[in-house]
Amino acid sequence: MESLLPLAEKIAARLIERKETVAVAEGSAGGLISAALLAVPGASAYFVGGAVVYTGAARSAFTDISMEDMKGLRPASEPYAALLAKRIRERLNTTWALAEAGAAGPSDNRYGDPAGHTCIAVAGPSQRAFTLRTGSSDRRANMRAFAARALELFANEIGAK
């Protein structure tokens, strides 16, 4: 996680400067995105909350995304990550939300995505979604890569780089 902190500090400074807030819904990053943002002193000024949305039960409870909402959507896709970001933003009433869903490995997920595949989305005054494929089956390395890319995407979106 140490490698994530410099970028998390830049994000924190930008959010504090603009008096904006963020919520996080992450799956295969396992909480690393939230941990990096919370490791910055003063996080209570911008970090409202986060959830590791790793199962359908968690998705329903934390984001109120129903099976009906999932019709025509595939988890670990850009449209799903965008919906996840939108819903966590609405539920926690934040300026921004960052969401991630993928397959950390070491094997493919049940939806046919290879290990090292994730989709990341930002929701807020602007929206963006991105797919990352590391080509690796190393679970821990993928989790770090997913968190790093999510923070990079968010930093770019808010002008914190």
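The values are calculated or read from the model by the stated rules, or taken from the named source; none is laboratory data. Fair warning: this is a prediction, and the values are worked out from it, not measured in the lab. Cβ placement follows ideal geometry from the backbone for every residue including glycine, while neighbour counts extend to all protein chains displayed. Side chains included, ligands, DNA and RNA excluded: accessible areas come from the protein's heavy atoms. Shrake-Rupley method; radii C 1.70, N 1.55, O 1.52, S 1.80 Å.
Assorted remarks:
- Candidate lysines for bridging to K161, where Cα separation is under 16 Å - those fewer than 8 sequence places away on the same chain excluded: K10
- Sorted largest first by accessible area at a 1.4 angstrom probe radius, with every protein chain in place, the residues I16, I33 fall in the order I16, I33.
- The chain: angle of helix 78-92 to the longest principal axis, Cα-based, in degrees nearest 10: 50
- Net length gained if the chain between E90 and R74 were fully extended (0.36 nm per residue, minus Cα distance): 3.7 nm
- Per residue, the chain exposes 46 Å² of accessible surface when a 1.4 Å probe is rolled over the protein heavy atoms with every protein chain present.
- Ranked by solvent-accessible area (1.4 Å probe, protein heavy atoms only, all chains present), the residues M70, M143 order from largest to smallest as M143, M70.
- The loop-placed trypsin sites (Lys or Arg not before Pro) in the stretch 1-109, going by DSSP, that have at most 12 neighbouring Cβ atoms within 10 Å of their Cβ come out as K19, K71.
- Full extension of the chain between M67 and R18 gives 14.0 nm of extra length, using 0.36 nm per residue less the Cα-Cα distance.
- Stretched out straight at 0.36 nm per residue, the stretch from T55 to N156 would grow longer than its current Cα-Cα span by 33.5 nm.
- Carbon-plus-sulfur accessible fraction, the chain (probe radius 1.4 Å, protein heavy atoms only): 51%.
- For T94, the accessible surface of its heavy atoms amounts to roughly 10 Å² (probe 1.4 Å, protein chains only, rounded to the nearest 10).
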